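Everything on this sheet refers to the single structure shown next.
Read-outs: derived from the displayed coordinates by stated rules, not from any lab. On a predicted model such as this, the values are computed, not experimentally measured, just so you know. Counting neighbours? That spans all protein chains shown, and the Cβs are built from the backbone with ideal geometry, glycine included.
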Amino acid sequence: MDIKVDHVVDAKGLACPMPIVRTRKAMNDLNAGQVLELQATDKGSVADIQAWAKSTGHQFLGTQQENDVYRHYVRKSEPDEVKEEITFPHSVRNEELEGLLESSREFHILDVREPAEYAFGRVRGSRNIPLGELPQRIGELNPEDEMYIICRTGNRSNMAANLLTEKGFKNIINVVPGMSEWTGIVERDEFELKNKIKPIGGK
Amino acid sequence: MSEETKQLSLMKMTPHALTQIVAGQEELFILDVRNEAEFSDWKIEGENIEIINIPYFDLLDGVDPALERIPASKRLLVVCAKEGSSQFIGEQIVEAGREHVYYLEGGMKQWSEYLEPIKVGDLKSGGEIYQFVRIGKGCLSYMVLSGGEAVVIDTARMIQPYIDFAAMHGVQIKHVLDTHLHADHISGGRALSEATGASYWLPPKDAEEVTFSYHELVENEDLLIGDGKVNIHPIYTPGHTIGSTTFLVDSEYLLTGDILFVASIGRPDLAGKAEDWVGDLRHSLYGLYSGMPDGLIVLPAHFGKVTELDKRGQVSAKLGDLFTDNPGLNISDETTFRRTVTENLPPQPHAYQEIRQTNMGKIQPDEEERREMEMGPNRCAVHDH
């Protein structure tokens, strides 16, 4: 299955260290927040991409495997991902949203992260429109709905919440801090992975 | 070429050459460029080997962070998982002007599979016995040769080295034996017997669940090779597993499997029966081995630390010496013994349950999966860490 990304690095057939060498080079040309997919056949890339992401601060999202090809997803870190101020006045904590999920109340959850982030772990029942596409796709949403906006750390959802409210949405709530600290049930795309390598949700 | 432009180049070190360095306790500095998790799980060890870990991806901007930590006076070996990254980093270190820089041929993958055959000695009845040292993993296997025939004991997963060795020495492999159902490595016993037409022998009590046919090792029913002159005498010594069997070869060499090592003793917990088997283990060590001649040469199926290797890389000891020096043979109190072999044990070997299933023929992983399952240290002894 395909996940929408900003850039694909094809390192199939290349041995270590080339998959990481190419990823690193491609990453330099991406903007913060964009998502890169690394396609590799070298099994060593599975552990190395995670270790590399950890060492560089980029956000490792997950790996899926199709036949002999591994697809690794990494989101470029934002150097100043130090909190922008959350300006949107209406917010709930993760735990409150978790509680609402247990209730019979009718509401919507909009996840504004990148599709690859969403694919590797999301709140059950949420819908994905990445922040960058929201202005064009705003017509898909109903301004009357009670809608909880979630992202990874609360920044992108803050921007999305402000935008939607400006556009006349009446009942928008920002979820903080977001998926980075979500402890409730996580739903993810089903990937078939061989061996004991499990899909790993990113932080 | 003038002195000033002397061409420096990255050199290849074979697993054989590295084995000589480890066994000879030579000095070597190793830069391991695998990721931290792989490094902390398992690395090259040696008495005079100094090793540091900097993942290759932290050196892509330049090798200066590594150069600062590498003494210019020592031989340097760069190591990675397979070989590519060590060449990549090694070449940059050479470009930076360092001399005596090597990369490890085949990386840790090949290191974990390399077998070094070392002659243990001649047999009184005619013939010789070799130890195959799998130095990267701490596994020991054996070939007994006599009169154009051979027996292989505790075969490693890679069977080609035995086949080549037998061909080189002009012997035919007649029998393939395992001292027990292994939990730390995949036995090549069945594959080797199929490839050579040899009979495959297992202790029946360890083989109750195997899915293939085999010959039953029975105590005191000796196997003979070399026109019947050399005998392999099975002795039932349970404790590491319920079937564990010791082989006395030519009345001189005692192949103890995973019951008795040079610096430690076997652990009883890998088949999930630690409590049940403690008594068996104690009896095998303190009841059976203790009654055997001091001069027997103990040849185990593992070593724990490279310090157990002699200068040639071989692992052996006189039984009498072990009753003096081996801590596992010097626990007089039964309660203390029970505690020693059941509590505070080292972590269990990587994928040991899948390895047991594979050795029983219950699962058939492919070659790559088998290799993966065997990665890491063996940890079959009580005192490994």
Looking at chain B only, what percent of DSSP beta bridges run antiparallel? Nearest 5 please. 55
Near residue A:12, which aspartates and glutamates are there with a Cα under 14 Å away, not counting those fewer than 8 places off in the same chain? A:37, A:42, A:66, A:68
Just to verify a number: FRET efficiency for residue B:344 and residue B:275, C-beta to C-beta distance, R0 = 22 Å, to 0.05? 0.90
Tell me, rounded to the nearest percent, the portion of alpha carbon pairs in the protein assembly as shown spaced more than 41 Å apart. 41
Run the dipole for the protein assembly as shown about the Cα centre, Lys and Arg Cβ at +1, Asp and Glu Cβ at -1, nothing else charged, and hand back the magnitude in debye, nearest 20. 400
Using only alpha carbon positions, build the gyration tensor of the stretch A:27-110, then give the equivalent ellipsoid semi-axes as the square roots of 5 times its eigenvalues, largest first, whole angstrom. 33, 20, 11
Fraction in percent of alpha-carbon pairs per bin - 10 Å, the stretch B:217-333: 14, 45, 33, 8, 0
Skipping prolines and chain starts, which residues have an amide H placed within reach, meaning under 5 Å, of the one on residue A:174, given they are 5 or more residues away or on another chain? A:90, A:91, A:92, A:149
For residue B:136, list long-range residues whose amide hydrogen, built 1.01 Å from N in the peptide plane, is under 5 Å from its own amide hydrogen. B:114
Modelled FRET efficiency - R0 41 Å, residue A:25 with residue B:51, Cβ distances, 0.05 increments: 0.85
Diffusion coefficient in µm²/s returned for chain B by Stokes-Einstein, Kirkwood Rh over C-alpha pairs, 37 °C and 0.692 mPa s, is 150
Principal axes first, then extents: for the Cα atoms of the stretch A:7-75, list largest minus smallest coordinate on each axis, whole Å, largest first. 30, 20, 19
How much length is gained if the chain between residue B:122 and residue B:199 is pulled fully straight, taking 0.36 nm per residue apart and subtracting their Cα-Cα distance, in nm to one decimal? 25.3 nm
Farthest towards the positive end of the dipole of chain B, among B:156, B:342, B:120 and with Cβ unit charges of +1 on Lys and Arg and -1 on Asp and Glu, lies the Cα of B:120
Out of B:247, B:212, B:301, whose Cα points farthest toward the positive end of the dipole of chain B (charges: +1 Lys, Arg; -1 Asp, Glu; placed on Cβ)? B:247
Computed on alpha carbon atoms, what radius of gyration and Dmax characterise the stretch B:3-110, expressed in Å? 13.0, 43
Against the longest principal axis of chain A, how steep is helix A:44-56, in degrees 0 to 90 to the nearest 10, with axes from Cα atoms? 50
When chain A is treated as a Gaussian network with springs between alpha carbons less than 10 Å apart, the largest mean-square fluctuation among A:176, A:92, A:123 is found at A:92
Which entries of B:74/B:311; B:119/B:205; B:205/B:362 show an alpha-carbon separation above 26 angstrom in the structure shown? B:119/B:205
For the stretch B:3-110, with only Lys/Arg (+1) and Asp/Glu (-1) charged at the beta-carbon, what is the dipole magnitude about the Cα centre, in debye rounded to 20? 280
Mind listing which GluC sites (Glu not before Pro) in the stretch B:154-236 are in a DSSP loop and have 14 or fewer other Cβ atoms within 10 Å? B:208, B:209, B:219, B:221
Using Cβ contacts closer than 10 Å as the measure, can you line up B:340, B:246 from fewest to most? B:340, B:246
Mind giving me the nanometre distance, one decimal, between the label points for residue A:105 and residue A:14, set 7 Å out from Cα along Cα→Cβ? 5.0
Which of the helices in chain B meet the span-like rule: DSSP H, Cα axial reach of 30 Å or more, Kyte-Doolittle mean at least 0.0? none
Equivalent-ellipsoid semi-axes of the stretch A:91-187, from the Cα gyration tensor, Å, largest first: 19, 15, 12
Over the stretch B:285-385, what is the relative contact order in percent, taking alpha-carbon pairs closer than 8 angstrom and at least six residues apart? 27
Which value, in debye to the nearest 20, describes the size of the charge dipole of the stretch B:115-374 about its Cα centre when Lys and Arg Cβ atoms bear +1, Asp and Glu Cβ atoms bear -1, and nothing else is charged? 380
Diagonalise the Cα gyration tensor of the stretch A:82-142 and give the resulting equivalent ellipsoid semi-axes, square root of 5 times each eigenvalue, largest first, whole Å. 20, 17, 14
Work out how much length residue A:54 to residue A:140 would gain on full extension: take 0.36 nm times their residue separation and subtract the Cα-Cα distance, in nm to one decimal. 27.3 nm
Projecting the Cα atoms of B:35, B:198, B:87 onto the charge dipole of chain B, where Lys and Arg contribute +1 and Asp and Glu -1 at Cβ, the residue farthest towards the positive end is B:198
For n ≥ 4 DSSP H runs only, could you compute -39500 (n - 2.57) per run for the protein assembly as shown, divide by its residues and tell me the 222 nm figure to the nearest 500? -7000 deg cm²/dmol
Which FRET efficiency value, to the nearest 0.05, is calculated for residue B:218 and residue A:68 with the Förster distance at 56 angstrom and r the Cβ-Cβ distance? 0.75
